[in-house]
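Written below as structure tokens is the structure these notes are about.
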Amino acid sequence: MNVLVVGGNGREHALVWKIVQSHLVDKVYCVPGNAGIAELAECRSMPWEDDFGELADFAESVKIGLTVVGPEAPLANGIVDTLHERGLRVFGPTRKAAILEASKDFAKNLMVENGVPTAAHRTFENPEEAIAYIQQVQSPVFVKADGLAAGKGAIPGRTVDEAIQAVKTIMVDREFDDAGDQVIIEEELTGEEASFFVFTDGTYCLPLASSQDHKMSLDGDKGKNTGGMGAYSPAPVLTPEIQDYVMDRIVYPTIDGMRSLGRVFKGVLYVGLMITDDGPSVVEFNCRFGDPEAQVLFPRMETDLVPVLEACIDGNLIDVELAWKPGSAVCVVMSSGGYPDAYEKGKAITGLSDAGALEDVDVFHAATKTQNGQIVTDGGRILGVTALANDLKSAVNRAYQGIDEIHFDKAHFRTDIGHRAIT
Ligand code: AMP
Ligand code: GLY
């Protein structure tokens with residue numbers, strides 16, 4: 001079978017890396033891919049985020065038997081629906097189901113209606129009312145754009161002024177365009193964050209191994225919120241008891257609630273959790289694999305991924321079991337200096353093969369391209385260096401050995417990935 005992976009970040013490199021190992025797969029294509037993915041798959045450049053006609057033509061022409069969609073934007077824009085109309089098989093939720101990530105107001109209401117624990121919230125359609133509410137509550141909040149904002153739409157409002165400024169950024173300056181038509185103001189949760197993923201065929205849900213990412217740009221969880229600066233799996237904070245609770249009180253009520261609304265959710269559900277003193281609470285839902293979490297989960301997964309993805313499509317996930325490598329995986333992200341704010345592109349990257357040659361180290365490319373025969377930086381998060389080892393501490397050391405081999409001008413990475421689970 002030929003497989004098409006859509007996307008071109010570290011998550012998609014890890015997906016392609018895993019899929020090429022399947023004995024069911026003849027050839028993997030990727031749109032648009034990146035320089036690292038191009039070593040494993042044939043990469044093609046064409047529209048893929050909000051216009052899917054050419055992509056569907058391409059999938060038909062090279063006889064794609066399975067399409068796997070990485071990022072949220074094409075899912076929210078209906079890539080699965082378009083490919084279905086062409087009779088193609090695709091892993092991921094339809095547009096109607098991807099609303100779970102694409103509208104935070106929808107997700108919040110679904111949680112409230114189904115008794116899923118989450119921060120108390122209010123939704124506003126005009127800035128004056130939102131500001132009046134902030135002045136009334138006088139406690140730390142998070143201010144969020146309702147729609148997709150490339151991971152930047154949640155702004156902390158620890159003081160009244162900060163929260164008001166966040167409302168203005170979203171609703172008056174319209175930094176996230178239409179995504180800011182509505183604003184959600186929610187109570188701040190405190191605790192430790194963790195990422196919980198389940199495969200689902202719309203009815204049955206199968207949990208993946210636990211993981212945790214590091215969202216802030218600087219050591220000690222300082223700096224700015226990013227897409228994720230590193231990850232590790234397993235995450236000890238997600239004890240078996242907490243995982244059972246999350247399945248019973250969060251995952252099934254959500255998937256059942258979606259089905260009863262006629263929004264059957266098939267694919268992977270990403271539950272962003274805060275483990276508070278009162279138990280787990282949902283920070284957000286995503287309709288896709290996490291990045292960089294995927295870069296630690298796939299290297300740990302023993303099971304062939306392709307039959308699992310097919311079982312989600314075919315509705316027989318109940319027959320599937322997942323096996324995981326023991327030990328730990330750690331991914332340290334290298335970014336362009338300045339990320340998540342402005343950064344430069346086009347810096348030559350050296351040492352990639354030396355890092356990749358280290359035992360149990362894989363270098364996943366997130367934003368790279370080949371220019372005049374040289375791999376160069378092409379975005380904010382550039383690479384994820386993932387290492388596997390018998391324990392977390394050894395995996396951390398090995399990942400940083402990989403990092404030591406790789407160089408580009410103004411490279412930035414955190415030096416404390418995994419610290420929470422080690423201490
Ligand atoms: P979101 O875009 O909703 O995933 O939020 C991005 C990040 O902001 C989360 O990963 C958390 O670190 C933080 N965050 C969002 N909502 C809350 C909340 N209610 N309390 C505390 N932290 C939050
Ligand atoms: N690591 C966070 C995300 O994928 O959204």
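The values are calculated or read from the model by the stated rules, or taken from the named source; none is laboratory data. Computed from a predicted model, the values in this text were never measured in an experiment. With ideal geometry, Cβ positions are generated from the backbone for all residues, glycine too; neighbour counts draw on all protein chains shown. Note: accessible area is taken over every heavy atom of the protein model, side chains too, but ligands, DNA and RNA are not part of it. Shrake-Rupley method; radii C 1.70, N 1.55, O 1.52, S 1.80 Å.
With the biggest extent put first, the Cα atoms of region 69-109 measure 33, 17, 13 Å across the principal axes.
Amide hydrogen proximity for Cys30: with H placed 1.01 Å from N in the peptide plane, the residues at 5 or more positions away or on another chain lying under 5 Å are Val5, Glu42, Cys43, Arg44.
When only alpha carbons of region 1-40 are considered, Rg and Dmax amount to 9.0, 25 Å.
Direction-averaged projected area, Cα convex hull, region 297-423: 9.9 nm², rounded to one decimal. Working note: Cα gyration tensor of region 192-233, eigenvalues times five, square-rooted, sorted largest first, giving semi-axes of 28, 10, 7 Å. On the basis of the beta-carbon distance and an R0 of 25 Å, Ser45 and Asn126 show a calculated FRET efficiency of 0.05. The calculated FRET efficiency for Thr423 paired with Asn225, based on their beta-carbon distance and R0 = 25 Å, is about 0.65.
Its Cα gyration tensor gives region 318-374 an equivalent ellipsoid, and the semi-axes of that ellipsoid, as √(5λ) in whole Å with the largest first, are 30, 17, 13. Residues of region 267-287 falling in the label zone of Thr190, defined by backbone nitrogen less than 11 Å from a point 7 Å along Cα to beta-carbon, are 277.
The string of couplings for region 270-286 from the Karplus curve (6.51, -1.76, 1.60, θ = phi - 60°) is 9, 9, x, 10, 10, 8, 8, 4, 8, x, x, 9, 7, 8, 6, 10, 10 Hz, one whole number per residue in order, with x for Gly and Pro.
For the pair region 177-242 / region 347-423, the C-alpha centres are spaced 22 Å from each other. Grab every C-alpha pair in the chain, bin the distances at 20 angstrom width from 0 up to the longest one, and report whole percents. Here the calculated profile for the chain is 27, 61, 12, 0.
Sequentially through region 361-369, phi angles give Karplus couplings (6.51, -1.76, 1.60; θ = phi - 60°) of 10, 10, 9, 9, 8, 10, 8, 9, 8 Hz, Gly and Pro residues having no value and appearing as x. Across region 216-369, counting alpha-carbon atoms alone, Rg and Dmax equal 18.2, 52 Å. Projected label points at Lys63 and Ala357, each 7 Å from Cα along the beta carbon direction, are separated by 3.9 nanometres. The convex hull drawn around the Cα atoms of region 1-134, when projected onto a plane and averaged over every direction, covers 10.8 nm². Quarter the surface of the alpha carbon convex hull of region 368-423 and you get the mean projected area, 4.6 square nanometres.
P(r) tail, region 276-348: Cα-Cα pairs separated by more than 21 Å, 56% of all pairs. Set against the 2.2 N^0.38 Å expectation for a compact globular protein, region 66-200 has a Cα radius of gyration ratio of 1.17. The 1.4 Å probe gives accessible areas that order Arg288, Arg44, Arg158, largest first, as Arg158, Arg44, Arg288. Computed extension length for Leu24-Asp244: 76.0 nm, one decimal, from 0.36 nm per residue of separation with the Cα-Cα distance subtracted. Residues in region 243-250 carry Karplus couplings, in order, of 5, 4, 4, 5, 4, 6, 9, 10 Hz; the curve used is 6.51 cos²θ - 1.76 cosθ + 1.60 with θ = phi - 60°, and Gly or Pro positions show x.
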